Amino acid sequence: MEILRNKSYEEVSKEAAKIITKVIQENPKAILGLATGSTPLGLYNELIKEFNEGILDFSEVRTFNLDEYIGLTPEHEQSYRFFMENNLFKHINLKIENCQVPSGVEVDYDKYCDEYEKMIDAAGGMDLLILGVGENGHIAFNEPNTRLGSATHIIDLTEDTIKVNSRFFRSEVEVPRQAITMGMGTIMKAKKIVLLLTGKNKSHVLNRLLNEKFITAEFPVSFLMMHRDVTVIFDEEACGEI
Ligand code: F6R
């Protein structure tokens with residue numbers, strides 16, 4: 001694991017943008033895996049800036065998002081498709097057909113999860129995957145006690161995650177109880193992974209990851225210790241307990 005400590009959230013975002021820029025400049029057809037949530041917002045703003053300055057061209061890039069709430073249509077303001085459209089896709093020159101966000105409104109999920117997995121494989125796999133991490137150590141929506149080899153699947157969100165994510169909804173009851181998520185197996189197949197970890201509320205996660213060095217399904221982010229190319233970028237606020 002490469003560990004990059006930065007002063008602020010802004011610096012973390014810039015550092016992550018540098019890595020994505022290098023990947024795209026070396027391979028204009030790069031396949032990216034993308035996360036939603038508060039953490040990557042600064043990174044997406046950096047990418048938009050670089051696009052506007054003519055530094056980055058996304059015309060041949062393809063993206064696969066990690067997850068989506070079950071039951072939310074792409075037009076729903078809290079759906080991850082809506083988030084990606086508004087915070088990244090519509091501001092850069094990614095082709096719409098090249099941006100995949102798992103669908104939250106399928107009828108046959110066994111079939112759909114299999115297709116999503118096959119789409120990633122057919123594209124050649126993810127060259128670079130951007131991850132955030134939940135306060136309980138989840139990555140994508142692989143909640144504690146997840147299986148290491150899992151492919152894209154449907155998961156029941158934990159009460160903790162529902163509570164944390166309710167900040168984006170009018171009330172806790174509106175938060176969907178299930179999500180579709182890339183599995184740990186899907187994530188581990190990415191050639192390169194960048195994990196962003198920022199803010200005081202993630203300091204216990206960083207502390208546990210860097211100091212405990214213990215791989216356990218009960219703390220899914222710890223599986224990343226088994227990946228050969230992971231960069232963890234964090235800010236000083238997240239260092240609180242180190
Ligand atoms: C989102 C995702 C989640 C988030 C995590 C942290 O696509 O996969 O694992 O990365 O819940 O969310 P934030 O960044 O809002 O703290």
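The values are calculated or read from the model by the stated rules, or taken from the named source; none is laboratory data. No experiment lies behind these values; they were computed from the predicted model shown. For neighbour counting, all protein chains shown are included, and Cβ atoms are generated from backbone atoms with ideal geometry for every residue, glycine included. The area values use the complete protein model at the heavy-atom level, side chains included, leaving out ligands, DNA and RNA. Shrake-Rupley method; radii C 1.70, N 1.55, O 1.52, S 1.80 Å.
Taking the square roots of five times each eigenvalue of the Cα gyration tensor of the chain, the equivalent ellipsoid has semi-axes of 23, 23, 18 Å, listed largest first. The slack in the chain from Glu97 to Thr158, taken as 0.36 nm per residue of separation less the alpha-carbon distance, amounts to 18.7 nm. The calculated FRET efficiency for the pair Lys118 and Lys22, based on their C-beta separation and a Förster distance of 30 Å, comes to about 0.60.
Taken over the alpha carbons of segment 73-114 as equal point scatterers, the Debye sum produces base-10 log I(q)/I(0) values at 0.14, 0.23, 0.29 Å⁻¹ of -0.36, -0.82, -1.02. Figure note: Tyr9, Tyr112, Tyr44 ranked by solvent-accessible area, largest first, 1.4 Å probe, ligands and nucleic acids not counted: Tyr9, Tyr112, Tyr44. Partners of Lys118 within straight-line reach, counting lysines whose Cα lies under 22 Å from its Cα and excluding those fewer than 8 residues away in the same chain: Lys29, Lys95, Lys189, Lys191, Lys192.
Here Glu172 sits with roughly 70 square angstrom of accessible surface, probe radius 1.4 Å.
With R₀ fixed at 22 Å, the C-beta to C-beta distance from Ile55 to Arg228 puts the FRET efficiency at about 0.15. Rolling a 1.4 angstrom probe over the protein heavy atoms with all chains in place gives the chain an accessible area of 45 Å² per residue.
Build a GNM of the chain with springs between Cα atoms under 10 Å apart, and of Ala122, Ala190, Ala17 the one that fluctuates most is Ala122. Spatially, segment 2-27 and segment 73-115 are offset by 24 Å when compared through their Cα centroids. When Rg and Dmax are taken over the Cα atoms of segment 1-50, they come to 11.2, 32 Å. Ranking of Tyr69, Tyr109 by solvent-accessible surface, largest first: Tyr109, Tyr69 (1.4 Å probe, protein heavy atoms only, all chains present). If I compute solvent accessible area with a 1.4 Å probe over the protein chains, what percent of it on the chain is carbon and sulfur? Here carbon and sulfur together make up 50 percent of the probe-accessible area. With the Cα gyration tensor of segment 74-146 giving a ≥ b ≥ c as the square roots of its eigenvalues, does the rule (a/c under 1.5 for rounded; else a/b larger than b/c for prolate; else oblate) give rounded, prolate or oblate? Rounded is the answer for segment 74-146, as its axis ratio a/c remains below 1.5. Taking a ≥ b ≥ c as the square roots of the eigenvalues of the alpha-carbon gyration tensor, segment 21-71 is classed oblate because a/c is 1.5 or more while a/b is no larger than b/c. Summing charges over neighbours of Ser222, with a neighbour being any other residue whose Cβ is under 15 Å away from its Cβ, gives 0 when K and R count +1 and D and E count -1.
Using the Cβ-Cβ distance between Val107 and Asn87 with R0 = 25 Å, the FRET efficiency computed as 1/(1 + (r/R0)^6) comes to roughly 0.30.
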